[in-house]
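J.: Below: one structure in structure tokens.
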Number of protein chains: 2
Amino acid sequence: MTVERRRRARGTLILIGGSEDKQGGRMILSEVARRAGDGTLVVATLASERPDYQWQRYQQVFSELGVKRLEHLGAAGREDVVDPRLVKLLEDATAIFFTGGDQVKITSKLGGTPLLTALRERFAEGVLVAGTSAGASAMGEAMLVSRGPEETSHKVEGAFYMTRGLGLVSDLIIDQHFAQRARIERLIGAIAENPGVLGIGIDEDTGVILEPDGRFHVLGAGAVYIADGQGVTHTNVSETSGGHTLCLFDVALHVLNHGTGFDLGSRRPFRAPV
Amino acid sequence: MTVERRRRARGTLILIGGSEDKQGGRMILSEVARRAGDGTLVVATLASERPDYQWQRYQQVFSELGVKRLEHLGAAGREDVVDPRLVKLLEDATAIFFTGGDQVKITSKLGGTPLLTALRERFAEGVLVAGTSAGASAMGEAMLVSRGPEETSHKVEGAFYMTRGLGLVSDLIIDQHFAQRARIERLIGAIAENPGVLGIGIDEDTGVILEPDGRFHVLGAGAVYIADGQGVTHTNVSETSGGHTLCLFDVALHVLNHGTGFDLGSRRPFRAPV
């Protein structure tokens, strides 16, 4: 492998909008299992309040889907993440799957650790990284986080903040449970702050497979929204403080479904050949 | 007035996203009151399950806002609408305000009646017509209606159908309670079916004042979403049946706030001069 090629090489990222089918056709998890192949699939439960439950659940599903070797990467706190055995786990993995929960639990445990360095290195070497719900959101350089309990009142859905994600993919802000939690406003608010970034909102039981060439395909039952702010001609986002209403002219919006895709390089949607 | 001018003349339309402020600064209702001037403001409660309550409420608010002459246009069913006294009510009005409720109650009572003809004639002569919530939705040629109780589960928000509205404004599909009820999907679904139509989603306590020249200004606390499908390059809307997920490439989306506006002729947003 030349230096040039090594620098540009990276793995495939599978981003899932949460609540993916675990009992029926399991289209999305089957794809994760297929790509893990005969290697080891590591299930990372860092986001979860109930890591053992999540591990047991995904262990069962992925076993049923034919994955032979499964390992659990769990850590209650940052102090557990320094365990060198976890780095060793990643070294042996062909795929790493992040469960849902709270994305800040992922970044606050992993940020600045040798384990995150190992994750990035493995990804750069071509290892598959997948994440569902919070596990998908965490993959961007910037990451959306809700303030307070959004489910109980989506009238305050606009209340969000951004923080740093794991940075496995740049120029992409990833949101999940998209239609189900009515998150278009916060995604558009996020791209208003930096129109160079693409916003991607993934519905439940829906995923995107982002290949190393920068193109992704949509998989699953729901829709994937792409909000592109590159052509924005006016916004008040830098002028407003908390109580103000955002304005934003000329966002390009694409609604993608299974069988379509998007090229991050050209910023164009496409219909996948059947 | 020349024939040419008469044919093109029309009134001003004020469309409100529902739940407009009735006790504080009352910015939007004040504008309705101001434009009613010294004439008669007719409050039409056709959409409401509780027409007398609505009439009393708006009668009080508009009285407090200085409207001297107020009349109630109520009708429990289509049989009441044929009453020629109602046509007479409209003849004396300088402004007509439609309350919220169910937009199908408006169109099913008014459709094909002399009262609707009178309403259109008065509007064409320059009378102000305003509507909030269902009363706003009813003003388009096509009108969005939910199937079933959307508030209890916005997971089925995609379930909607379209029917004919009152047709005071063409090429516009109007939705209301927009952010509050997470309706971007149904608005985009509606423009997918006819990309020549503009979708406009109005938040609660927010309104647009559409002047006879085809330009509107935004007024109030929330946002107004404009979804323009004219540039759409691909959609599957004609191929899909109930269970499928919509796809749609290249929607132009504008998020407007107080102090901005939109020109329906050029399909361009603008910042209003302060």
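The values are calculated or read from the model by the stated rules, or taken from the named source; none is laboratory data. These numbers come from a predicted model, not from an experiment. No Cβ is skipped: glycine too gets one built from the backbone with ideal geometry, and neighbour counts run over all protein chains shown. Ligands, DNA and RNA are stripped out before the accessible areas are found, and what is left, the full protein with its side chains, is counted by its heavy atoms. Shrake-Rupley method; radii C 1.70, N 1.55, O 1.52, S 1.80 Å.
J.: Name every residue in region B:191-213 that is within 16 Å of the chain's Cα centre (by Cα), within 24 Å of residue B:250 (Cα to Cα) and not β-branched (Val, Ile, Thr), in order of residue number.
T.: From region B:191-213, those within 16 Å of the chain's Cα centre (by Cα) are B:197-212; that's our starting set.
If we keep only those that are within 24 Å of residue B:250 (Cα to Cα) too, we end up with B:197-203.
Selection gives B:198, B:199, B:201, B:203.
J.: Go through region B:20-51 residue by residue and tally those that are in contact with a strand residue (DSSP E or B) (Cβ under 9 Å, 6 or more places away or on another chain) and at positive phi.
T.: First, pick out the residues of region B:20-51 that are in contact with a strand residue (DSSP E or B) (Cβ under 9 Å, 6 or more places away or on another chain): B:20-21, B:27-29, B:31-33, B:35-47, B:51.
Filter again for at positive phi, leaving B:37.
Result for region B:20-51: 1.
J.: If I go through region A:162-185 residue by residue, how many of them are out of contact with any Ser or Thr (no Cβ under 8 Å at 6 or more places or on another chain), of a type in the set (D, E, K, R) and under 24 Å from residue B:224 (Cβ atoms)?
T.: 3
J.: Out of the strands (runs of 3 or more DSSP E) lying entirely within region B:163-274, which hold 2 or more residues that are hydrophobic (A, V, I, L, M, F, W, C) and within 7 Å of another protein chain (Cβ to nearest Cβ)?
T.: Details: elements: B:172-175, B:198-202, B:206-210, B:215-220, B:224-228, B:248-256, B:260-263, B:268-271.
Output list reads B:248-256.
J.: Among B:158, B:100, B:148, which is part of a loop (DSSP other than H, G, I, E, B), more than 14 Å from every other protein chain (Cβ to nearest Cβ) and at pLDDT below 95? Give the steps one after another, and end with the answer.
T.: Numbers: B:158 fails: more than 14 Å from every other protein chain (Cβ to nearest Cβ); B:100 fails: at pLDDT below 95.
Testing whether each residue is part of a loop (DSSP other than H, G, I, E, B), more than 14 Å from every other protein chain (Cβ to nearest Cβ) and at pLDDT below 95 leaves just B:148.
J.: Right, here's the next one. Answer yes if at least one residue in region A:57-80 is within 19 Å of residue A:134 (Cα to Cα), in contact with a His (Cβ under 7 Å, 6 or more places away or on another chain) and of a type in the set (Phe, Trp, Tyr), and no otherwise.
T.: No - not one qualifying residue is present in region A:57-80.
J.: Now for a different question. Can you pull out the residues in region B:167-183 that are at pLDDT 85 or above and closer than 13 Å to residue B:223 by Cβ?
T.: Listed by number, the residues that qualify are B:175, B:176, B:177.
Yes/no per residue for (1) out of contact with any Lys or Arg (no Cβ under 8 Å at 6 or more places or on another chain); (2) acidic (Asp, Glu):
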site: B:18; (1), (2): yes, no
site: B:25; (1), (2): yes, no
site: B:52; (1), (2): yes, yes
site: B:57; (1), (2): no, no
site: B:106; (1), (2): yes, no
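J.: Please tell me if residue B:23 is open to solvent by 10 Å² or more (accessible area, probe 1.4 Å), over 22 Å from residue B:125 (Cβ atoms), assigned to a helix (DSSP H, G or I) and without any contact (Cβ under 8 Å) to a residue 60 or more places away in the chain. Walk me through it before giving the result.
T.: Details: open to solvent by 10 Å² or more (accessible area, probe 1.4 Å): yes; over 22 Å from residue B:125 (Cβ atoms): yes; assigned to a helix (DSSP H, G or I): no; without any contact (Cβ under 8 Å) to a residue 60 or more places away in the chain: yes.
In short, no.
J.: So how many residues does region B:72-86 have that are surrounded by 11 or more Cβ atoms within 10 Å (Cβ to Cβ) and modelled with pLDDT of 90 or more?
T.: Pass one, region B:72-86, residues surrounded by 11 or more Cβ atoms within 10 Å (Cβ to Cβ): B:72-76, B:78, B:80-83, B:86.
Narrowing the set further to residues that are modelled with pLDDT of 90 or more leaves B:72-76, B:78, B:80-81, B:83, B:86.
Of the residues in region B:72-86, 10 are surrounded by 11 or more Cβ atoms within 10 Å (Cβ to Cβ) and modelled with pLDDT of 90 or more.
J.: Kindly provide the set of residues from region A:184-218 that are modelled with pLDDT under 90, open to solvent by less than 30 Å² (accessible area, probe 1.4 Å) and in contact with a helix residue (DSSP H, G or I) (Cβ under 9 Å, 6 or more places away or on another chain), ordered by number. Before the answer, list the steps.
T.: So the first thing to find is which residues in region A:184-218 are modelled with pLDDT under 90, and the list is A:184-197.
Narrowing further to those that are open to solvent by less than 30 Å² (accessible area, probe 1.4 Å): A:184, A:186-192, A:197.
A:184, A:197, listed by residue number.
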